[in-house]
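S.K.: Provided herewith is a single structure, encoded as structure tokens, for subsequent inquiry.
No value in this document is a laboratory result; all are computed from the given coordinates. Being a predicted model, the structure only gives us computed values, none of them experimental. Glycine also receives a Cβ, built like all others from the backbone with ideal geometry; neighbour counts cover every protein chain displayed.
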Amino acid sequence: MKEKNLTKGKVAGVIANLVIVNVDGPVSQNEICYILLEKVKLMAEVIKVFEKKAFIQVFESTRGLRVGTDVEFTQGMLEVTLGPGILSRNYDGLQHDLNKMEGVFLQRGDYTSALDHEKKWGFKPLAKAGDVVAAGDWLGEVDENGQPHKIMVPFKFLGKYKVKSVIGDGDYTVDETVAVLTDGRGQEVAVTMVQKWPVKVPIKNYRNKPRPFKLLETGVRTMDTLNPIVEGGTGFIPGPFGSGKTVLQHAISKQAEADIVVVAACGERANEVVEIFAEFPEIDDPRTGRKLMERTTIIANTSNMPVAAREASVYTAMTLAEYYRAMGLRILLLADSTSRWAQALREMSNRMEELPGPDAFPMDLPAIISNFYSRAGFVYLNNGHSGSITFIGTVSPAGGNLKEPVTESTKKAARCFYALSQQRADSKRYPAIDPIDSYSKYIEYPELQDYLRDNVDVKWVDNVNLIKNILIRGKEASEQINILGDDGVPVDYHVDFWKSEVIDFVILQQDAFDPIDRASPIHRQKYMLDKVLEVYNTPFSFNSFEEVNPYFKRVINEFKQMNYSEYESDGFKKHEKELNNIIDERKTA
Amino acid sequence: METKAFQKIYTKITQITKATCSLNAEGVGYEELASVNGRLAQVVKIQGDNVTLQIFGGTEGVPSNAEVTFFGRPPVLKVSEDLAGRFFNSFGLPIDGGPEVEGEEREIGGPSVNPVRRDQPSELIATGIAGIDLNNTLVTGQKIPFFADPDQPFNQVMAMVALRAKADKIILGGMGLTNDDYLYFKNVFDNAGALDRIVSFVNTTEDPPVERLLVPDMALTAAEYFAVDKNENVLVLLTDMTLYADALSIVSNRMDQIPSKDSMPGSLYSDLAKIYEKAVQFPAGGSITIIAVTTLSGGDITHAIPDNTGYITEGQLFLRRDTDIGKVIVDPFRSLSRLKQLVIGKKTREDHPQVMNTAVRLYADAANARTKLENGFDLTDYDERTLKFAREYSEKLLAIDVNIDTETMIKTGWDLFAAYFRPEEVGIREEYVEKYWPNNE
Ligand SMILES: Nc1ncnc2c1ncn2[C@@H]1O[C@H](COP(=O)(O)OP(=O)(O)OP(=O)(O)O)[C@@H](O)[C@H]1O
Ligand SMILES: [Mg+2]
């Protein structure tokens, strides 16, 4: 790098991870700087400038920091390094490779490189001399753990370029020049497999972003059947502690139909990240014949890691997802928990003594959240290929009360709402997604409805609506029974209630830890929906309400045994037959 | 604590509040330890040459010309095998009349473990209490609090769990402990002949509340020494974390921070997480397990302290008096061990998860039946059976005085199912029903 005239400064104040620096030159908002503390450099970001003072948030503990310590500004914003070798890595919130760090404990200033600079990648050219290209266009391809990783014209390149040369098939490291481009003024620029991009700026090298329309299968019945999310869609999962947000997100990450999974563990438990480290390398990925970990990247900023890097971690994760989307891949991005990120913002705004908004969160929280969600989406690239980022975040509302700023702001930004209910979690009705309060806006999209009719069943959308009505009717019936007593209502009420219980036990409830029940492909979900509706449509006769409960318990039991059995296996068929017998017992002719 | 020779003495304090004082001083490091007229203090804010100190013992009687000296380092604990069997105050100074411990000085509140250097917890901790082992199995490396009203016997249950847990070391961090409870712990550990594997850091109700802020970090620095350097399994008991959080709010309110919910500091989540996340399983075999107590006021778990705790810990154990049997039980509804799935059905019998879930579901049915009864409605035959089941389940499995092995707990579960229900009413996977349903009906 050329010597630039970089601004320098000296520490003038320390309040936890907020540091005030007297500067001798220009600084810009979000500029990265380093505090030169004895033997280590601590990375920090400018978050406010006032006269000759820069307020910086330090991504590390500031213990021992003294007034007068030197600070160096870099003129750059927080950037990620993009190139082959990101998949299967475990990064901290600033994209430092956790595995490359020394020792058991995280040491301040131990900034490891994001990519492997020694490894050689098998490169195949996709562009040829004479092609006119622009930022994001594909120049070549390497195989990254079975995924076609495109080497692109760096996103920072403005305008049109002419390809002068592209290197031939062969094995190269990420730092070798793979192409030479000529810009409008005839200047030649070399392109390697590596480029950098500032995390707070969306990567927008695509032609257009239509409304998403393709079902994203997650294998979770209560999502796919009742409130589906789509490729390129957004959703969020609010719920009190222990209601199943993380288990649900992990289930989605293991099963969803995506090419790449990016998990941002943002201010949550280290053991939950360790669970991913332990499990993902063991899980077979049927699509690639490899292990799930090979197409997964984890950004870990657990709750005991520096708070300021929490905010960065979600942006880091989003930018990595955007990079892979530009290759025409389908990315699933998960963040657990976006509330921790909002809290990190609150801590800083508090230390800077800014005017607080509701619950002491910063005033611009709704805008920050909606900007972030808007970076997800289904896109058509300039070359006509498509790519998508489906984003699902969790929200941890204080006291489990959904009337709080993070939930309310997210509700405006995300299109699917998966509300976890304390009551369902307490009665172990997992996943605890409330079927009545939750919604997917996508199911109202004619594009998705057409897709479901063509790909699942012509009656699908109608059946799903019917199921929702049955659930509501069941709830009303149960309220009546509770008020008037078992024998104070007609027997039909009991039947209505138990028919809704069948849906609850068979479709809504799903054991995330059972090897078979944990994932249900859409054709299996269609079968179950049809079968449950068959029960619903059957007229039954009961002499008294006392016969209703035991009868439906048996119905549910057979259904559950089916859920636990391999689809269409002998065991499955046996219980199906038994179920049919039970139905016939009470069927009125 | 010793001080450095030739250090500068400051005598001009510019501001004094209930928990802090400020003065002009140079070359001071953030979080550095200081002494104000002999009282220990720590740097919490530096603005130019103005330094704010949090005085652990409170500021009562501190004069504006008090002598202030800086130690040039944050608080430390000297660690060695000699810690075992000893009782210390919040500053790590002996309170048992014994000599000061010699050993390597370690900064307390040190850095976090790199997540990739952790191992997944997988060793079950058997306590004999079925409300824990059967329904909410604990695992080494876990962090879990008791959520309890102040009048419940949480310290007794915690001491019992600690002694049965077969840990190499038990580290007690007492915050605002009454003198009686302090003596209780001392006695129980003594009677069990376990004193030599116990280290205690105790702040009692007689000590200044702000001192408590050091207790968890002291306890966990000792724990890290035994778990990392000695590869031991360490169990850390922290009681009462609500009093710790109260001390946090005292300091932050004195520093004019905008309080968030329930007048707690906005950083409460991060502050508590830094403590609880010290729970860890190391690949080399050492581990730190944290069992804490969070007292509730009026059973309200939506208060900021239990709420933030619940978002951090790996489950929680609720104690409740079951008036039916007149005993304290581990409440199966609100209690949860999130790490149980790492061991149940794997380190225990295969049917453990299903037996556990089914029993809790039937117990919930009983609760519904009880509501019906209270509302004056007739009960069905099924309702009657669930009530009978619930009583026996509570007595034989949930009560905290139960002490049996896990296999017996599972068998007891099946016996109770068979006594009151038919196989199709319990909805357990058929292969288990065939294998384990008691056949002498
Ligand atoms: N689908 C499921 N099947 C079985 N058990 C579940 C399921 N979902 C959640 N659980 C149980 O609930 C516990 C808590 O779930 P989880 O850790 O996902 O909660 P959370 O909402 O992420 O809580 P927090 O906000 O504290 O992180 C799990 O450890 C598990 O015991
Ligand atoms: Mg969670």
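S.K.: Let me confirm one metric for peptide A:513-520, namely the mean number of other chain beta-carbon atoms within 10 Å of its residues' beta-carbons. Please report the intermediate quantities before stating the final value.
M.R.: Details: counts 4, 3, 0, 0, 1, 0, 0, 0.
Mean partner shielding for this stretch: 1.
S.K.: Once amide H atoms are built 1.01 Å from N in the peptide plane, which residues 5 or more positions from A:Ala264, or in another chain, come under 5 Å H to H?
M.R.: It is A:Ile299, A:Leu334, A:Ala335, A:Asp336, by chain and number.
S.K.: Let me ask something else. With each pseudo-label sitting 7 Å past Cα toward Cβ, what's the B:Thr408-B:Lys8 distance in nm, one decimal?
M.R.: Taking the two extended label points, one gets 6.8 nm.
S.K.: I've got another one for you. Helix-only estimate, please: 222 nm mean residue ellipticity of chain A, summing -39500 (n - 2.57) across DSSP H runs of length 4 or more and dividing by its residues, to the nearest 500. Let's see the in-between values first.
M.R.: Numbers: 13 runs with 174 residues, N = 589.
The helix-only estimate for chain A comes to -9500 deg cm²/dmol at 222 nm.
S.K.: Among B:Gly97, B:Val113, B:Val139, whose Cα sits farthest toward the positive end of the charge dipole of the range B:1-139 (+1 at Cβ of Lys/Arg, -1 at Cβ of Asp/Glu, about the Cα centre)?
M.R.: With unit charges placed on the Cβ atoms, the residue in question is B:Val113.
S.K.: Would you work out the charge dipole size for the range A:355-495 about its Cα centre, treating the Cβ of every Lys and Arg as +1 and the Cβ of every Asp and Glu as -1, and quote it to the nearest 20 debye? If you can, show how the numbers build up before the last one.
M.R.: Details: 14 positive and 18 negative charges, 84 e Å.
Dipole of the range A:355-495, to the nearest 20 debye: 400 debye.
S.K.: Let me ask you something else. Spin-label point model (7 Å from Cα, Cβ direction): what's the A:Ser569 to A:Lys441 distance in nm?
M.R.: Result for the modelled spin labels: 4.2 nm.
S.K.: Any idea what diffusion coefficient chain B gets from Stokes-Einstein, in µm²/s, Kirkwood Rh on alpha carbon pairs, 10 °C, 1.306 mPa s? Intermediate values should be presented prior to the final figure.
M.R.: Values: Rh = 23.7 Å.
Calculated translational D: 67 µm²/s.
S.K.: Exactly which chymotrypsin sites (Phe, Trp or Tyr not before Pro) in the range B:1-65 are in a DSSP loop and have at most 10 other Cβ atoms within 10 Å?
M.R.: On the way: sites: B:Phe6, B:Tyr10, B:Tyr30, B:Phe56; in loops: B:Phe6, B:Tyr30, B:Phe56.
Passing both the DSSP loop test and the Cβ count: B:Phe6.
S.K.: Identify the trypsin sites (Lys or Arg not before Pro) of the range B:143-199 meeting these criteria: DSSP loop state and at most 14 other C-beta atoms within 10 Å of the C-beta.
M.R.: Details: sites: B:Lys143, B:Arg164, B:Lys166, B:Lys169, B:Lys186, B:Arg197; in loops: B:Lys166.
Those that pass, being in a loop and sparsely packed, are B:Lys166.
S.K.: Å³ per residue of the Cα convex hull, for the protein assembly as shown? Kindly include the intermediate steps, with their values, before the conclusion.
M.R.: Working: hull volume 179.8 nm³, N = 1030.
Hull volume over Cα atoms, normalised by residue count, gives 175 Å³.
S.K.: For chain A, with the dipole built from +1 on Lys and Arg beta-carbon atoms and -1 on Asp and Glu ones, taken about the Cα centre, which of A:Gly159, A:Met293, A:Leu471 lies farthest toward the positive end?
M.R.: The Cα lying farthest towards the positive end belongs to A:Gly159.
S.K.: Could you state the angle between the C-alpha long axis of helix B:406-420 and the longest principal axis of the C-alpha atoms of chain B, as a value from 0 to 90 degrees rounded to the nearest 10?
M.R.: 40
S.K.: What do you get for Rg/Rh over the range A:238-313 if you use C-alpha atoms and the Kirkwood form of Rh?
M.R.: Values: Rg = 13.1 Å, Rh = 13.3 Å.
Here Rg/Rh amounts to 0.99.
S.K.: About its Cα centre, what dipole magnitude does the protein assembly as shown give when the only charges are +1 on Lys and Arg Cβ and -1 on Asp and Glu Cβ, stated in debye to the nearest 20?
M.R.: So the magnitude is around 3020 debye.
S.K.: While we're here: What full-extension length gain, to one decimal in nm, is calculated for A:Tyr380 and A:Asp143 as 0.36 nm per residue of separation minus the Cα-Cα distance?
M.R.: Length gained between A:Tyr380 and A:Asp143: 83.1 nm.
S.K.: Could you give each residue of the range A:155-172 its phi-based ³J(HN,Hα) in whole Hz, using Karplus coefficients 6.51, -1.76, 1.60 with θ = phi - 60°, and x for Gly or Pro?
M.R.: Couplings: 4, 7, 6, 9, x, 9, 10, 10, 6, 8, 7, 10, 5, x, 3, x, 9, 9 Hz.
S.K.: Still on this structure: Using a/c under 1.5 as the rounded threshold, could you call chain A rounded, prolate or oblate? The axes a ≥ b ≥ c are square roots of the C-alpha gyration tensor eigenvalues, and prolate needs a/b larger than b/c, oblate otherwise.
M.R.: Verdict is prolate for chain A.
S.K.: What does the average come to when, for each residue of peptide A:346-352, you count the partner chain Cβ atoms lying within 10 Å of its Cβ? Mind dumping the intermediate values first?
M.R.: Numbers: counts 5, 7, 1, 2, 8, 5, 0.
Mean shielding count: 4.
S.K.: Here is a follow-up. Can you compute the FRET efficiency between A:Arg185 and A:Ser113 using 1/(1 + (r/R0)^6), with r the Cβ-Cβ distance and R0 = 35 Å? Round to the nearest 0.05. Walk me through the numbers on the way to the answer.
M.R.: Working: r = 33 Å, r/R0 = 0.95.
FRET efficiency, A:Arg185 to A:Ser113: 0.60.
S.K.: Dipole magnitude of the range B:208-298 about its Cα centre, charges +1 at Lys/Arg Cβ and -1 at Asp/Glu Cβ only, in debye to the nearest 20?
M.R.: Values: 6 positive and 11 negative charges, 16 e Å.
The calculation lands at about 80 debye.
S.K.: So for B:Thr17, B:Thr52, B:Thr137, B:Thr178, fewest C-beta neighbours within 10 Å to most, what's the order?
M.R.: Details: B:Thr17 16, B:Thr52 21, B:Thr137 26, B:Thr178 13.
Ordered by Cβ neighbours within 10 Å, fewest first: B:Thr178, B:Thr17, B:Thr52, B:Thr137.
S.K.: Among B:Leu342, A:Pro238, B:Leu416, whose Cα sits farthest toward the positive end of the charge dipole of the protein assembly as shown (+1 at Cβ of Lys/Arg, -1 at Cβ of Asp/Glu, about the Cα centre)?
M.R.: Value computed over the given set: A:Pro238.
S.K.: Ordered by residue, what ³J(HN,Hα) values in Hz, to whole numbers, does the range A:224-238 give under the Karplus form 6.51 cos²θ - 1.76 cosθ + 1.60, where θ = phi - 60° and Gly and Pro are x?
M.R.: After applying 6.51 cos²θ - 1.76 cosθ + 1.60, I find 4, 6, 8, 9, x, 9, 10, 4, x, x, 10, x, 9, 10, x Hz.
S.K.: Report, in listed order, any pair from B:Lys347/B:Lys411; A:Lys162/A:Lys209; A:Lys468/B:Lys372; A:Lys499/B:Lys372; A:Lys41/B:Lys78; A:Lys531/A:Lys553 with a Cα-Cα distance greater than 23 Å.
M.R.: A:Lys162/A:Lys209; A:Lys468/B:Lys372; A:Lys41/B:Lys78
S.K.: Can I ask one more? Filter the cross-link list A:Lys120/A:Lys196; A:Lys245/A:Lys459; A:Lys52/B:Lys18 down to pairs whose alpha-carbon distance in this structure exceeds 24 Å.
M.R.: On the way: A:Lys120/A:Lys196 20 Å; A:Lys245/A:Lys459 31 Å; A:Lys52/B:Lys18 34 Å.
Over 24 Å apart, Cα to Cα: A:Lys245/A:Lys459; A:Lys52/B:Lys18.
S.K.: Here's a follow-up. Give me the Debye-computed log₁₀ of I(q)/I(0) at q = 0.16, 0.17, 0.22 Å⁻¹ for the range A:460-586, equal point scatterers on Cα only, no solvent, two decimals.
M.R.: After summing over all Cα pairs, the log10 values are -0.80, -0.90, -1.34.
S.K.: Would you mind giving the mean number of other chain beta-carbons within 10 Å of the Cβ of each residue in A:296-302, as a whole number? Write down the numbers at each step before the final one.
M.R.: Details: counts 0, 0, 2, 0, 3, 1, 6.
That average works out to 2.
S.K.: Let me ask something else about it. Work out how much length A:Lys459 to A:Asn208 would gain on full extension: take 0.36 nm times their residue separation and subtract the Cα-Cα distance, in nm to one decimal. Please list the in-between numbers first.
M.R.: Working: separation 251, 0.36 × 251 = 90.36 nm, distance 3.16 nm.
The A:Lys459-A:Asn208 span can extend by a further 87.2 nm.
S.K.: Using amide H atoms built 1.01 Å from N in the peptide plane, name the residues 5+ places from A:Gly170, or on other chains, whose amide H lies under 5 Å from its own.
M.R.: A:Phe123
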